[in-house]
Every structure is written in C-alpha cells, then in structure tokens.
Amino acid sequence: MKDLPKISDAEWNVMKVLWKNYPVTSSEIIAQLKGSNEWSPKTVHTLISRLVKKEAIEVIKGTNHNQYIPKVTEAEMNRAETKSFVKKIYNGSINLFVSNFFKEEKLTKDEILELKKILDENMKE
C-alpha cells in the first residue's frame with residue numbers, strides 16, 4: 001500500500017470536489033465550495049497548493065488555466081482515515097469500535113440486514 005498524505009478537514013472539502021468530477025480548475029473548485037463555506041478564493045488556493053505539495057493532487061498545466069486531478073482515490077483515503085481513527089480512539093480494536101457504535105446508534109432494519117450481509121461475506125473469505 002502506498003503512503004497516503006495526511007490531509008486536514010478543510011483539505012477534505014477540496015478533495016471531495018475533485019473526486020466528484022475532475023479535472024477541474026481552481027475557479028471551478030472555488031465555485032463548488034462557495035455555498036458550503038465562507039472561504040475566500042485565496043484560502044482555497046492555499047488549500048490547493050498544500051494538496052499539491054502533499055502529492056494528494058496533481059496539476060495539469062494549461063495555457064490559460066491549470067487543472068487539478070486527484071492522485072489518491074476516495075476509497076484509499078477513507079480506508080486510511082478509518083484505520084487511523086480506530087487505532088487512535090479504540091487502540092486498533094474493531095470489536096470495541098463496532099460495539100460502541102451499536103450502543104450509541106439506532107440502526108434501521110435495512111442497515112442491520114446490510115451489515116449482516118457484509119459480515120457473512122467476510123466469514124466466507
């Protein structure tokens with residue numbers, strides 16, 4: 001597994017725009033983030049620059065505008081963040097994480113059936 005960058009909560013917002021549709025320009029990223037926060041264009045440019053430096057996104061140099069594409073997938077980052085969270089909060093114990101989750105959350109019948117299906121598939125492997 002390749003080393004994945006550590007990205008901040010703010011950078012996650014930029015990545016979500018990129019994962020949704022790419023390649024995109026910084027102007028398009030700014031426009032898509034406009035309704036969800038009050039960041040200035042300069043702030044978004046700073047976040048983009050950080051993500052390029054961290055090698056989470058790649059720049060496609062253009063004559064008029066640069067475009068950006070993700071270098072890591074959303075699935076890769078989700079897995080890495082989940083593992084990091086479970087390790088940090090639950091000392092790496094999936095059992096403790098799941099049992100705590102079930103104690104705190106009320107699941108619908110459909111959600112329970114989906115989880116059973118996932119568990120059954122895991123047992124076959």
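Observations
- Of the residues making up segment 82-116, those that are charged (D, E, K, R) and not in a helix (DSSP H, G or I) are Glu105, Lys106.
- Listed here are the helices (runs of 4 or more DSSP H) enclosed by segment 1-60 that have at least 1 residues being among the hydrophobic types (A, V, I, L, M, F, W, C), surrounded by 14 or more Cβ atoms within 10 Å (Cβ to Cβ) and touching a strand residue (DSSP E or B) at 6+ places or on another chain (Cβ under 6 Å): 9-20, 41-53.
- Output for segment 88-111, where each listed residue is among the polar types (S, T, N, Q) and closer than 18 Å to Asn122 by Cα: Ser93, Asn95, Ser99
- Residues of segment 65-81 that are in a helix (DSSP H, G or I), over 12 Å from Met15 (Cβ atoms) and in contact (Cβ under 8 Å) with a residue 12 or more places away in the chain: Ala80 alone.
Every read-out reported here was derived from the displayed coordinates using simple, explicitly stated rules and does not represent laboratory data. The structure presented is a predicted model; accordingly, all values stated were derived computationally and were not measured. Counting neighbours? That spans all protein chains shown, and the Cβs are built from the backbone with ideal geometry, glycine included.
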